[in-house]
Amino acid sequence: MPWKGEKDPYRIWLSEVILQQTRVEQGLAYYEKFIATFPTIQDLARAPEQTVFKCWEGLGYYSRCRNLIATARRIATDYKGKFPSGYDDIRALKGVGPYTAAAIASFAFNLPHAVVDGNVLRVLSRYFGDATPIDTTAGKKKYTALADDLLDKDQPGTYNQAIMDFGAVICKPQNPLCPNCVQREDCQAYRTGRVGELPIKEKVLLKKKRWLYYFMVETPDKKVYIRQRKKGDIWADLFELVGWETDAPVYPEDILRGEFAGHIFGKQSLTVKYISKIYRQELTHQTIQGQFFTIHLQGPLASLKDYLLVDKGKLSEYPFPKFINAWLLDPTPAQSLF
């Protein structure tokens with residue numbers, strides 16, 4: 001990976017933010033795109049927000065992108081474009097938690113702070129045979145203290161990278177390479193046959209289910225309605241089509257003939273061209289499902305005053321969430337209607 005052995009704190013910070021809640025295989029392309037588009041933190045700080053969000057489009061967890069912009073601008077202003085070199089100053093940056101701060105401090109500045117991510121937690125739990133749940137306050141405190149005790153204070157960056165890689169490559173969540181592991185004789189989980197049981201998580205994640213129905217509302221001059229989503233919900237600051245949300249699936253005919261369609265379209269003549277298949281996206285705490293409708297109007301709608309009316313051919317210039325982009329990039333209809 002291009003960030004391995006990296007000493008530039010900007011690039012380390014960028015890679016760590018991108019890799020939060022993102023697989024390395026997916027994050028790599030975004031990292032390279034960001035470095036090419038914004039070579040320095042000053043470039044990122046000066047960039048229009050919409051440009052940054054467009055680069056982030058598809059990565060999800062868009063609060064990371066908002067924090068990225070805010071932190072870049074703060075460093076450009078308060079630190080004159082130079083990344084702070086002290087752990088406490090790094091930790092005080094928006095969106096930077098203990099893990100990211102430790103990574104930047106140890107990798108860029110060789111400061112003795114242990115990096116504790118999921119890989120490290122798994123290695124420590126198995127090696128010491130510790131059944132303390134890793135997702136509890138007590139567990140996080142215990143494993144962080146243990147990681148700090150084990151840290152090589154002379155080579156913190158090298159040590160941190162080594163134990164993280166060990167967890168990612170050898171001590172994997174599923175099918176760990178115990179037969180080839182040089183630590184197996186001292187690993188308490190291996191000695192007691194508990195590798196598959198550790199680490200332990202206490203909390204059970206309950207997902208909320210949401211149904212989102214979106215309308216590509218097109219006027220005779222090939223313009224469509226979009227708006228920017230507000231803060232306080234998923235996909236804040238990204239753009240969306242005309243939409244309606246329900247707690248349970250609804251037949252397309254009921255949507256088009258129901259209260260929502262009447263409120264939006266009134267008595268205006270419209271043509272429903274296509275209805276998409278059902279799309280689905282799994283988020284950490286939510287399951288999003290829904291469909292897309294292509295609708296042609298005879299004229300503009302007064303009821304959509306808070307929407308922008310933009311050229312259909314320029315939709316690619318706006319950042320949309322992955323759920324909507326999945327259809328925009330391949331709007332194959334499941335059925336035509338009427």
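Which of rounded, prolate, oblate describes the range 110-191, given a ≥ b ≥ c as roots of the alpha-carbon gyration tensor eigenvalues and a/c under 1.5 marking rounded, otherwise prolate only if a/b is larger than b/c? Oblate, since a/c reaches 1.5 and b/c is not below a/b. Taking packing as the residue-averaged number of other Cβ atoms within 10 angstrom, the listed peptides 250-260, 303-313 run from highest to lowest as 250-260, 303-313.
For Asp254 and Asp165, the FRET efficiency from 1/(1 + (r/R0)^6), where r spans their Cβ atoms and R0 equals 56 Å, is about 0.60.
Based on the mean of other Cβ atoms within 10 Å per residue, sort peptides 263-269, 151-157 so the most packed one is first. Walk me through the numbers on the way to the answer.
Numbers: 263-269: 12.4, 151-157: 15.7.
Packing order, densest peptide first, comes out as 151-157, 263-269.
Taken along its three principal axes, the alpha carbon spread of the chain comes to 74, 51, 31 Å, from the longest extent down to the shortest.
Can you give the extra length, in nm with one decimal, that the chain gains between Asn110 and Cys178 once fully stretched, where that is 0.36 nm per residue apart less the Cα-Cα distance? It would help to have the intermediate numbers written out before the result.
Values: separation 68, 0.36 × 68 = 24.48 nm, distance 3.10 nm.
Stretched out fully, the Asn110 to Cys178 stretch lengthens by 21.4 nm.
Overall shape of the range 25-182 was characterised from the C-alpha gyration tensor. The equivalent ellipsoid obtained from it has semi-axes of 32, 19, 14 Å, in decreasing order. Taking each residue as 0.36 nm, the span from Asp148 to Leu329 lengthens on full extension beyond its C-alpha to C-alpha distance by 60.5 nm. Surface analysis of the range 152-205 yields an accessible area of 69 Å² per residue, using protein heavy atoms and a 1.4 Å probe.
In the chain, Cα pairs under 8 Å separated by at least six residues give a relative contact order of 16 percent. Using a 1.4 Å probe on the protein heavy atoms, what percent of the accessible area of the range 47-173 belongs to carbon and sulfur? Carbon-and-sulfur percentage of accessible area, whole number: 55. Highest GNM mean-square fluctuation among Leu68, Leu297, Leu241, for the chain modelled with Cα contacts below 10 Å: Leu297. Model label sites at Thr192 and Ala70, defined 7 Å from Cα along the beta-carbon direction, differ in position by 4.3 nm. Note on Asp89 and Lys230: the model spin-label points, each 7 Å out from Cα along the C-beta direction, lie 3.9 nm apart. Computed over protein heavy atoms with a 1.4 Å probe, the carbon and sulfur contribution to the accessible area of the range 285-336 reaches 51%. Rounded, prolate or oblate: pick one for the range 1-90, where a ≥ b ≥ c are the square roots of the eigenvalues of its C-alpha gyration tensor, a/c under 1.5 means rounded, and failing that, prolate if a/b is larger than b/c, else oblate. Since a/c reaches 1.5 but b/c is at least a/b, the shape of the range 1-90 is classed as oblate. If only the Cβ of Lys and Arg carry +1 and only the Cβ of Asp and Glu carry -1, the dipole of the chain around its Cα centre is close to 480 debye. Gain on full extension, evaluated as 0.36 nm per residue between Lys322 and Ala138 minus their Cα-Cα distance, stands at 62.7 nm.
Separation of the alpha carbons by more than 28 angstrom is noted, of Lys231/Lys267; Lys82/Lys231; Lys172/Lys209; Lys94/Lys312; Lys140/Lys172, for Lys231/Lys267; Lys82/Lys231; Lys172/Lys209; Lys94/Lys312. With the simple model of a label 7 Å out from the Cα in the direction of the Cβ, Thr37 to Asp306 spans 2.7 nm. Annotation: per residue accessible area for the range 224-338 equals 55 Å², rounded to a whole number [probe 1.4 Å, protein chains only]. The residues of the range 11-138 have, on average, 41 Å² of accessible surface per residue, using a 1.4 Å probe with all protein chains present.
Report the Rg/Rh value for the range 219-338, based on alpha-carbon coordinates and the Kirkwood definition of Rh.
Details: Rg = 14.3 Å, Rh = 15.4 Å.
Ratio value, two decimals: 0.93.
To the nearest 0.05, what FRET efficiency results for Arg46 and Phe128 with a Förster distance of 45 Å applied to their C-beta separation? So the FRET efficiency works out to roughly 0.40.
The values are calculated or read from the model by the stated rules, or taken from the named source; none is laboratory data. The model shown is predicted, which means the values in this text are computed figures rather than measured ones. Note that we place each Cβ from the backbone using ideal geometry, even for glycine, and neighbour counts take in every protein chain shown. Ligands, DNA and RNA are excluded from the accessible area calculation, which covers all protein heavy atoms including side chains. Shrake-Rupley method; radii C 1.70, N 1.55, O 1.52, S 1.80 Å.
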